[in-house]
Amino acid sequence: MLVSYNWLRNYVNLDHVTPEELAEKITRSGIEVEGVEYLAPAVENIVVGYVKSCEKHPDADKLNLCQVDVGEESLQIVCGAPNVGEGQKVAVAKPGTKLPNGMKIKKVKLRGVESNGMICSLQELGLDEKYIPTDVAEGIFVFPEDAEVGTPVQELLNLDDAVLDLDVLANRPDALSMLGVAYDVAAVLDQPIHLPDENLNADESIQAEDYIDVKIDSIENNPYYGAFVIRDVEIKPAPLWMRNYLMASGIRPINNVVDITNFVLLEYGQPLHAFDYDRFGSKEVVIRQGKENETMITLDDQERQLNEKNLVITNGKEPVALAGVMGGADSEVTDETTNILLEAAYFDAASVRHTVKQTGLRSESSTRFEKGVDPNRVKRAGIRACSLLQKYAGGKVAAGVVEVDELDKSEKSVTITTSKVNQRLGMELDEKDVTSVLARLQFEFSKNGEEIVVQVPTRRLDISIFEDILEEVIRIYGYDHLPYTIPQGWVQAGGLTDVQLLQREIKNYLSSAGLMETLTYSLTNKQDASRFLTPDMEEGTANTVGLAMPMSEEHSHLRLSLIPEMLRVLQHNVARTQTDLAYYEIGKVFISEEEQITKQPIENLHVAGALTGLWHNHPWQQEKKPVDFYVAKGIVEGLFAHLELDVTFVQTKMEDMHPGRCAEIRLNGKGIGYVGQIHPLVAKDFDVKETYVFEINLESVFSVHQATPSFTDIPRYPSVTRDIAFILDNDVPAGEVQAVIKETGAPLVKEVSIFDVYQGEHMEEGKKSVAYRLLYQDPSRTLKDDEVETSYQAVVEKVNNQFGSYVRS
Amino acid sequence: MKEELQAIEQEALAAIEKAENSQAVQEMKVKYLGKKGSLTTVLRGMGKLSKEERPVIGELANNVRESITEALEAKTEKLEREALNEQLETETIDVTLPGNPVHVGGRHLLTSIMEEIEDLFIGMGYEVKEGPEVETDYYNFEKLNLPKNHPARDMQDTFFITNELLLRTQTSPVQARTMEAYQGKRPIKMICPGKVYRRDTDDATHSHQFRQIEGLVVDKNITLSDLKGTLDVFAKKMFGKDREIRLRPSFFPFTEPSVEMDVSCKVCNGKGCSVCKHTGWIEILGGGMVHPRVLEMSGYDSTVYSGFAFGMGQERIAMLKYGVNDIRHFYTNDVRFLSQYHQA
Ligand SMILES: [Zn+2]
């Protein structure tokens, strides 16, 4: 809502407050003022001049030679504007003036003729193009005849006005009117309010009811409709002051009738509509719901398809307006209009909102109906408009208003007590502090012992309960007076849950392991949303979740894996010559078990990593190690070692992954993730080189993780190590053999590690040698050589039997 | 004899002093202390001495032996030290060459900010609650006093999945779920951080996905002053102890009264600059007293219980605190951006 400072002065005394100070006060006490703008930069020496004579320039067809009276003197001015003419009152910039556009006015000779100034257009006076009425957009501005010669143009055109841009939120529709803002400003400044003149001297010789009848078929959507009749109007420009205020409010003046309805709309917050009475098509207004297949042409010359949910104004035969939204083209006020049918009505917010949503037509009028108008201002706004039409359009206002009125105009009352106000605010206000705020807001109240019964004016639709009054009290009294306290009373030990702590622990580990955390979008494209699934998700039962109306294809579906968006991060960095990258992310994936989603999807927390380029790079010592499978796996192993959980890795094949370089990660025999190289073709699609990834479903980890590890005593007796190298077939996984050794050697064998893998020269074709180191230990005694030997032989025998291997000599 | 011994001592000490290498020192040892050495030779004449002289000369001889031994040892140590020093000198390296690089990882700036805020409130006794990112219309809107067709719903453009399912536009549904779970039976002190989604076109100040953190306190006798004091603690911790806060009226459907909190501008110290749009204040977060309808809907008797709630965008806090000028940096994950905040 744009609020003209000069207009507001008509209702509240602003003598002691500048526009900037006012903006600050309004912001602090109610509505955020987003900015203060002056209509035009300050200019001096531009005054109203009277064009005494206007002749063609002797040597130039397009120039005019004018003699202009500016009060103290008469100036000869050469003017190029086509619309300049004798007898006009115009804006004259005298020599020495600097125009807002930087142009300096000097005495000059134009084609041999002296010119002592310039006749200005509104643009040249610094007014923004968008405010300028279309009828004066071309050429110089011509003042009404009553403009006094010599008057500074600045104030006559309201160019010194400041406009406050109020950000009115949904709770304060009252502030979508000058009067609403005035009530608030009066309360803030503790000043009285001056209401506009609503006196109307109707022409008793004509009766409205002789001209029009009103019938409402849809009373719930239209509980009040008032029809006024104004005859013999003269369509012409509205008075300058009104045009000025409209321009300052961001509304382009059109003609007196339209301008007056817009002026009252802004002043009262009540939309009005003026029909051309003679083109209305009947003598009765019938308000009803639209019909299927009914159409009408709106003011913007668009044909609108109607239905039963649209409230329409009809002439008894066909629709003439979309109620509260837009009028029809056929009954529009034109330059030829002489008789007016003026509508002042109350339309239900939801009904108007529906039509707005359906048609996409949002206007100053519909916005106000959608948010709610003051039921007690509807008729008054009509009367106000009639009195202005009488005054500025020369109209004869027919006596009486033809109306159907079932509108609830009663005021709500809210009971408060000072002690309850203090209890909620944490303050110690006196009753007088509270009641004086109510008085400043012009809320009537009565007292009943401790209780204060507040009558809430109908303009304040937002106030219905105690807390609403509480807000009024503190915002006008001032938030700065609130003390600073901390909640007293109930206490709990704050903190993180085990699962939250574990997430932080995983971040600690991965960060220390050299990975950088990313944060990517949950929404990705349809294809990528269902790739790289962890093994706990089964094909067919893990469906993606798509948006009903995505903004773009790139962000249309919720992800089932973190990897695709992380690959996109790698792609972004690689394209910027950052080639050695190691990233991790913890975030949710969204799994719908239904193909057509009806209930909330499962949300599982995942951790994922993506690595590419060099893992280690120390050039001058010729040490370079690119990321490989075992780097990625090592990070995963370290993670689980850190969490004190045993996982196993099993060779697996996954779509989008390298067929020979991918392992499923199993916890307690259940697949919970994978680690491996992404398929070179996928890497190519993402413009990245050899890339390794891992992804783990953390929900499975959370379910088995012990927050407090139990204590194990540090061994006191020495351990014994024995090495064995087995010659194995190439396709026997070393890890499986390792597991068998550990199982067979238990309980004496505590650890089994692999310290050498050899293939190639001196080795039989298709075979490999894998060397294991076994660590024997008993926590309660020193082991004897022969029991270690027995256990060792058992391991050798078991492995050789199971894998067809033999011990390398 | 006494004179002979003293002469040997003097000669030996002088000779040892002059020895240039360990071989020479070894020779000295043989020459003076060996079986055929001069000291031994002299001592052989001990038999000729009187009973009274013997212990005196014996003691003197021991002293001489000790003195020569000490001198030999000292010389040996000195020579060894010299040899070692010489060797170490040859082992000198160029310490200005770069060291073996260690991969440095780290948290995302938003994680650091989130954990900082979490820890601040944990310290004041808050628990950390989380909830689903795909929410129902009921918890995201209706439970928060935003019935269907409420005009304030237009304040947030929502990503709908079905008529009833949506991506949450705020973390407030976690508050609604927590209140509902406690059914008016106990006080609440909680914060809820998390991702939220809105139909905004991504630009320097908008992101279709961002992170919020909200707080909720419900108890008997919670006041608006409690909210102001709590937010003041928060602002001073996040932005510096010299910062001041102010509250302004605002509107949120789930709080009444509702406020907006500004922090005095750090750049200009409240005098006005381009960062604070010449107001001296920067808008940080919104909050207010929990609307009685919201309390009642979750089983809290609003005549007994009152509460406050507040919420903020984590990106906004991070941008203000670290001077980040484009929200998209958080989601592009350029390594040159992320690595600037290793220790944030
Ligand atoms: Zn500043």
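Taking amide H atoms as placed 1.01 Å from N in the peptide plane, the amide H of A:I206 lies under 5 Å from those of A:A399, each 5 or more residues away in sequence or on another chain.
When nucleic acids and ligands are ignored and a 1.4 Å probe is applied, A:D405 ends up with an accessible area of around 70 Å².
At a threshold of 40 Å², the residues of the stretch A:440-473 that become less accessible to a 1.4 Å probe in the full protein assembly than in their chain on its own are A:I465, A:E467, A:E471. Ordering B:78-85, B:115-122, A:45-52 by mean Cβ neighbour count within 10 Å, with the highest value first, yields A:45-52, B:115-122, B:78-85.
So what's the back-of-envelope 222 nm ellipticity for chain A, counting only DSSP H runs of four-plus at -39500 (n - 2.57) apiece and dividing by all residues, rounded to 500? The partial results should precede the final answer.
Details: 20 runs with 206 residues, N = 809.
For chain A, the value works out to -7500 deg cm²/dmol.
For chain B, taking a cut-off of 4.7 Å between Cβ atoms, the unpaired cysteines are B:C192.
A helix-only calculation puts chain B at -12500 deg cm²/dmol for mean residue ellipticity at 222 nm, using -39500 (n - 2.57) for each DSSP H run of at least four residues, averaged over all residues. The packing ranking of peptides A:115-124, B:86-95, A:773-782, highest mean first, is A:115-124, A:773-782, B:86-95, where packing means the average number of other beta carbon atoms within 10 angstrom of each residue. Averaging the sequence gap over all C-alpha pairs within less than 8 Å and six or more residues apart, then dividing by the number of residues, gives the stretch A:412-481 a relative contact order of 41 percent. What you get for the stretch A:702-809, charging only the Cβ of Lys and Arg (+1) and of Asp and Glu (-1), is a dipole of about 360 debye around the Cα centre. Expressed as a whole percent, the accessible surface of the stretch A:272-387 that belongs to carbon and sulfur atoms is 43, based on a 1.4 Å probe.
Let me confirm one metric for peptide A:601-607, namely the mean number of other chain beta-carbon atoms within 10 Å of its residues' beta-carbons. Don't skip to the end; give the middle numbers.
Values: counts 5, 2, 5, 0, 1, 0, 0.
The per-residue average across the peptide is 2.
Derived scalar couplings between HN and Hα for the stretch A:394-406 equal x, x, 9, 8, 5, 6, x, 10, 8, 9, 10, 9, 10 Hz in order, rounded to whole Hz, by the Karplus curve 6.51 cos²θ - 1.76 cosθ + 1.60 (θ = phi - 60°), x for Gly and Pro. Among B:G99, B:G34, B:G299, the residue with the largest mean-square fluctuation in a Gaussian network model of chain B, with springs joining Cα atoms closer than 10 Å, is B:G34. Beta-bridge orientation, the stretch B:69-220: approximately 90 percent antiparallel, per DSSP, counting only bridges with both partners inside. Rounded to the nearest 10 square angstrom, A:W615 shows an accessible area of 60 square angstrom against a 1.4 Å probe.
Looking only at other chains, what is the average number of their beta-carbon atoms within 10 angstrom of each beta-carbon in B:244-250? Don't skip to the answer; put the middle values down first.
Values: counts 0, 2, 3, 7, 8, 15, 8.
Other-chain Cβ atoms within 10 Å of each residue's Cβ, averaged: 6.
Straight-line reach from A:K104: taking Cα to Cα under 28 Å and skipping same-chain neighbours fewer than 8 places apart, the lysines in range are A:K52, A:K56, A:K62, A:K89, A:K94, A:K130. The DSSP beta bridges internal to the protein assembly as shown are antiparallel in roughly 95% of cases.
In percent, rounded to a whole number, the relative contact order of chain A is 8, using alpha-carbon pairs under 8 Å and six or more apart.
Between the alpha-carbon centres of the stretch B:279-335 and the stretch B:59-107 there is a gap of 65 Å.
From other protein chains only, count the Cβ atoms within 10 Å of every residue's Cβ in A:650-662, then give the mean.
Numbers: counts 0, 0, 0, 0, 0, 0, 0, 0, 0, 0, 0, 0, 0.
That works out to 0 on average.
Chains A and B together bury roughly 7800 Å² of accessible surface, counting both sides and using a 1.4 Å probe on protein heavy atoms. Roughly speaking, what is the centre-to-centre gap between the stretch A:471-516 and the stretch A:89-110 when only Cα atoms are used, to the nearest Å? Taking the Cα centre of each part, the stretch A:471-516 and the stretch A:89-110 sit 63 Å apart. Helices of chain B meeting both criteria, an alpha-carbon length of 15 angstrom or more along the long axis and an average Kyte-Doolittle score not below 0.0, with helices taken as full DSSP H segments, are B:109-122, B:224-239.
What are the lysines whose alpha-carbon lies under 30 Å from the alpha-carbon of A:K784, with same-chain residues fewer than 8 places away excluded? Cα-Cα hits under 30 Å: A:K742, A:K750, A:K798.
By Kyte-Doolittle mean hydropathy of at least -1.0 and Cα axial length of at least 18 Å, which whole DSSP H helices of chain A are selected?
On the way: long enough: A:378-392 (21 Å, -0.03); A:498-512 (21 Å, -0.58); A:629-642 (20 Å, 0.94); A:785-803 (27 Å, -0.88).
Span-like helices here: A:378-392, A:498-512, A:629-642, A:785-803.
For B:K51, the lysines whose Cα comes closer than 24 Å to its Cα, not counting residues fewer than 8 places off in the same chain, are B:K2.
The values are calculated or read from the model by the stated rules, or taken from the named source; none is laboratory data. Everything numeric here is computed off the predicted structure, so don't read it as measured data. Ideal geometry is used to build each Cβ from the backbone, glycine not excepted, and the neighbour counts take in all protein chains shown. What goes into the accessible areas is simple: the full protein's heavy atoms, side chains included, and nothing from ligands, DNA or RNA. Shrake-Rupley method; radii C 1.70, N 1.55, O 1.52, S 1.80 Å.
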